[in-house]
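Asker: So that we are looking at the same thing, I have put the structure below in structure tokens.
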Amino acid sequence: MGFATADLSDEYPDEVQICDPLLRDFGGRDRFAGEIVTLKCFEDNSLVRTALGQPGVGRVLVVDAGGSLRCAMLGDLLAEMAVANQWEGVVMYGCIRDAARIAELSLGVKALATHPRKSVKQGAGQADLTLRFAGVDFRPGAHVYCDRDGILVAARRLA
């Protein structure tokens with residue numbers, strides 16, 4: 001991937017939304033981008049498992065987990081599933097766990113923090129919604145660009 005969010009911000013100032021700097025890098029890839037797939041689920045990662053079990057070439061899963069700091073919504077097993085299904089990355093407005101293992105995987109992961117407790121699995125949540133967190137709207141089908149400098153969202157593919 002030959003982009004930098006700073007360069008995209010400079011080149012397309014009227015086309016990008018820039019996330020508030022809330023999320024940290026946890027994945028083995030610190031630069032990733034792709035078409036947005038959205039989920040909204042609170043302390044239940046059932047839909048995360050379902051989504052990452054699907055083909056993910058060219059896609060990034062964006063999860064609004066309500067900013068919960070009480071449990072992890074992504075762990076090493078789901079991250080390994082994401083890699084196997086060729087997802088570009090995961091943007092998690094919530095926590096992950098198994099951070100050391102996730103850092104070894106060829107997957108971009110941005111999240112608020114880590115937490116050792118797993119989530120419940122009751123099948124709760126919604127898919128394909130416009131999400132809003134970190135001052136940005138994440139629409140299904142839009143594009144997200146992530147690197148060490150931050151996260152940008154654009155309605156179309158820029159790079």
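Nothing in this text is a laboratory measurement; each read-out follows from the coordinates by a stated rule. Just so you know, these numbers come straight off a predicted model, no measurement behind them. Note that we place each Cβ from the backbone using ideal geometry, even for glycine, and neighbour counts take in every protein chain shown.
Asker: Based on the alpha-carbon gyration tensor of the stretch 23-139 and its eigenvalue square roots a ≥ b ≥ c, which shape applies: rounded if a/c is under 1.5, prolate if not and a/b is larger than b/c, or oblate? Working shown, then result.
Answerer: Details: a/c = 1.24, a/b = 1.06, b/c = 1.17.
The shape class here is rounded.
Asker: Exposure proxy check: Cys71, Cys146 ranked by fewest other beta carbons within 10 Å?
Answerer: Cys71, Cys146
Asker: Just want to confirm a number: the relative contact order over the stretch 63-159, from Cα pairs under 8 angstrom separated by 6+ residues, in percent. List each step's numbers first, then the result.
Answerer: Numbers: 150 pairs, mean separation 23.2, N = 97.
Relative contact order of the stretch 63-159: 24 percent.
Asker: How would Lys118, Lys40 line up from fewest to most surrounding beta-carbon atoms within 10 angstrom? Walk me through the numbers before you get to the answer.
Answerer: Working: Lys118 13, Lys40 20.
Fewest to most other Cβ atoms nearby, the residues stand as Lys118, Lys40.
Asker: Please order Ser119, Ser106 by the number of other Cβ within 10 Å, starting at the fewest. Spell out each step's value before the answer.
Answerer: On the way: Ser119 26, Ser106 13.
Final ranking by Cβ density, sparse to dense: Ser106, Ser119.
Asker: Given a cut-off of under 8 Å on Cα pairs at least six residues apart, what relative contact order in percent is computed for the stretch 1-82? Display every interim value, and only then the final one.
Answerer: Numbers: 68 pairs, mean separation 23.5, N = 82.
The normalised contact order for the stretch 1-82 reaches 29 percent.
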